[in-house]
Structures are given as C-alpha cells and as structure tokens.
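Asks: The structure is given below, and queries will be raised subsequently.
The values are calculated or read from the model by the stated rules, or taken from the named source; none is laboratory data. In this text, all values refer to a predicted model and were calculated from it rather than measured experimentally. Here the Cβ positions follow ideal geometry from the backbone for every residue, glycine too, while neighbour counts run over all protein chains shown.
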Amino acid sequence: MAESSGSNRPESEWNGRDWYVNFGERSPSRNWDDGRRYGFLAAGGGRWYSDSVQELPVGGRVFVYIPKSGYVGIGVVSGPAAPADEATLVVDGRPVPFRSLDLKAPYTHESEGTNPHEDHREWIVPVQWAHTVAREDAFRIPGLFANQNSACRLRHRFTVDTVTSFFESNPDRDG
C-alpha cells in the first residue's frame, strides 16, 4: 500500500523547520549506507531533482524517506548543498572532501544525449543525524506522507509526530 497525505484533513500550517527528503536509491548513483555513515543527503541527475535539496536551510530538520522502504532518519542540515565534486563533509571532526570518502555509490549521472544546459550533477547536503536506521529497518505505515519530490516542506503533522515518536522510542536502532 502506498503512503499518502494521510487523512482527508487539510495539511497543517508549515512550522518553518521540518522538511521531507526523498533519498532515492532506484538508480545505483547513491546509497543510504553512505549517507548514514558520513552524514549527508544526496540528489541529482537534473534540476528537477537537485533544485529542492539546494533550498534546504542550515538548521532545517529533515525526515528522510527511501521509496518502497520507509523513513530511515531524522537529522538537522549542518551546511549548504554543494555539488559532489566540490562538497566537503566533517568526518571525525575534520573536513574531508566528499570525493575522497570510501563510498559504496558513485554519486554521478550520465548526461550523454541530454540537454547540455541541464545540471546533471549530484548535490550533497551535510546533515547531523539525530536518529537513523538501516533501510531494512525503515519505518512505514499507512497514512505517512511520501511523495516523489527530492525535498519539500513537511506540513503533515501526523507524519512528523509519528515518525519522531518511532525514532525517539527506538534509540538502540541508531547506527
């Protein structure tokens, strides 16, 4: 059963802080294990995918969802989005260029035969994780918000409350 916007009630007013982020793993270009280990979100392959993650503000709280799996993390954006070739993450207290990390996925996209003016780069957003789970332990129940956007304002109070409660009541699942 696919998640939806939940009940027939209108969405709550946005609190100005919470964001839904889709960590799509459909293509082999990104891997949640990397994001969880090193503290980042990723999106790219075209502006439709990357523009919204570039809008994530430092200090914004992110609720991370893997399609067909469920919610896998809650964290706080700790730095601005940057192209993967230019991104730097803080690992063990030190700034490390993204491309020098031991990653399971390439974080690149084929752009041959497409619009040469399109931005096909993968964009990286640094995150300080509060809670995460492995994809096989993802939280998914009917009524939780989910959609195809890479990132959007999360106004669905049921999702915010239910996902927060799940992660706060399962601290031993963090990795």
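Asks: When you scan the range 93-113, do you find a residue that is in a strand (DSSP E or B), under 15 Å from W129 (Cα atoms) and either touching a residue at least 40 places away in the same chain (Cβ under 8 Å) or of a type outside the set (G, A, S) (or both), even just one? Lay out the reasoning, then the answer.
Replies: We begin by selecting, within the range 93-113, every residue in a strand (DSSP E or B); these are 94-97.
Cutting the leftovers down to under 15 Å from W129 (Cα atoms) gives us none.
Checked the range 93-113: no residue is in a strand (DSSP E or B), under 15 Å from W129 (Cα atoms) and either touching a residue at least 40 places away in the same chain (Cβ under 8 Å) or of a type outside the set (G, A, S) (or both).
Asks: Please determine, by comparing only the residues of the range 156-175 that are closer than 25 Å to R26 by Cβ and not in a helix (DSSP H, G or I), which one is modelled with the highest pLDDT.
Replies: H156
Asks: Step by step: first the residues of the range 1-24, then only those that are surrounded by fewer than 18 Cβ atoms within 10 Å (Cβ to Cβ) and charged (D, E, K, R), then the one that is modelled with the highest pLDDT. Which residue is that?
Replies: R17
Asks: Which members of the range 35-50 meet the condition of being surrounded by 20 or more Cβ atoms within 10 Å (Cβ to Cβ) and among the charged types (D, E, K, R)?
Replies: Once the filter is applied, which keeps residues that are surrounded by 20 or more Cβ atoms within 10 Å (Cβ to Cβ) and among the charged types (D, E, K, R), the range 35-50 yields only R36.
Asks: Follow-up question, since we're still on this one. Only residues that are among the hydrophobic types (A, V, I, L, M, F, W, C), part of a strand (DSSP E or B) and under 30 Å from E168 (Cβ atoms): list them for the range 74-92, please.
Replies: Taking the range 74-92 first, the residues among the hydrophobic types (A, V, I, L, M, F, W, C) are 74, 76-77, 81-82, 84, 87, 89-91.
Remaining after also requiring part of a strand (DSSP E or B): 74, 76-77, 82, 89-91.
Hits for the range 74-92 are I74, V76, V77, L89, V90, V91.
Asks: How many of the residues in the range 57-73 are under 12 Å from F23 (Cα atoms) and either in a strand (DSSP E or B) or of a type in the set (A, V, I, L, M) (or both)?
Replies: First pass over the range 57-73, keeping only residues under 12 Å from F23 (Cα atoms): 62-73.
Subsequent filtering for residues that are either in a strand (DSSP E or B) or of a type in the set (A, V, I, L, M) (or both) retains 62-66, 70-73.
Matching residues across the range 57-73 total 9.
Asks: So which residues in the range 16-27 are part of a loop (DSSP other than H, G, I, E, B) and touching a strand residue (DSSP E or B) at 6+ places or on another chain (Cβ under 9 Å), if there are any at all? Explain how you work it out, then say what you get.
Replies: Of the range 16-27, the ones part of a loop (DSSP other than H, G, I, E, B) are 16-17, 23-27.
Scanning the range 16-27 gives G16, R17, F23, G24, E25.
Asks: Scan the range 76-90 and report the pairs whose first residue is within 22 Å of A130 (Cα to Cα) and whose second residue is assigned to a strand (DSSP E or B) and polar (S, T, N, Q), with Cβ atoms within less than 6 Å and a gap of 6+ or a chain change.
Replies: From the range 76-90, the pairs are V76/Q128; S78/Q128.
Asks: If you scan the range 75-95, which residues turn out to be surrounded by 17 or more Cβ atoms within 10 Å (Cβ to Cβ) and touching a Lys or Arg at 6+ places or on another chain (Cβ under 7 Å)?
Replies: Of everything in the range 75-95, just one residue is surrounded by 17 or more Cβ atoms within 10 Å (Cβ to Cβ) and touching a Lys or Arg at 6+ places or on another chain (Cβ under 7 Å), namely A84.
Asks: Out of the residues in the range 101-150 that are modelled with pLDDT of 95 or more and farther than 20 Å from W32 by Cβ, state the one that is surrounded by the fewest Cβ atoms within 10 Å (Cβ to Cβ).
Replies: P142
Asks: Restrict the check to the range 41-56 and report whether at least one residue is modelled with pLDDT under 95, assigned to a loop (DSSP other than H, G, I, E, B), out of contact with any helix residue (DSSP H, G or I) (no Cβ under 7 Å at 6 or more places or on another chain) and more than 21 Å from G79 (Cβ to Cβ).
Replies: Within the range 41-56 (the criterion being modelled with pLDDT under 95, assigned to a loop (DSSP other than H, G, I, E, B), out of contact with any helix residue (DSSP H, G or I) (no Cβ under 7 Å at 6 or more places or on another chain) and more than 21 Å from G79 (Cβ to Cβ)), the answer is yes, since at least one residue qualifies.
Asks: Any residue in the range 41-55 that's under 15 Å from P126 (Cα atoms) and β-branched (V, I, T): show its pairings with residues that are at pLDDT 90 or above and crowded, with 21+ Cβ neighbours inside 10 Å at Cβ separation under 6 Å, as long as the two are six or more apart or on different chains.
Replies: V53/A43; V53/A81; V53/W123; V53/V125; V53/S150; V53/A151
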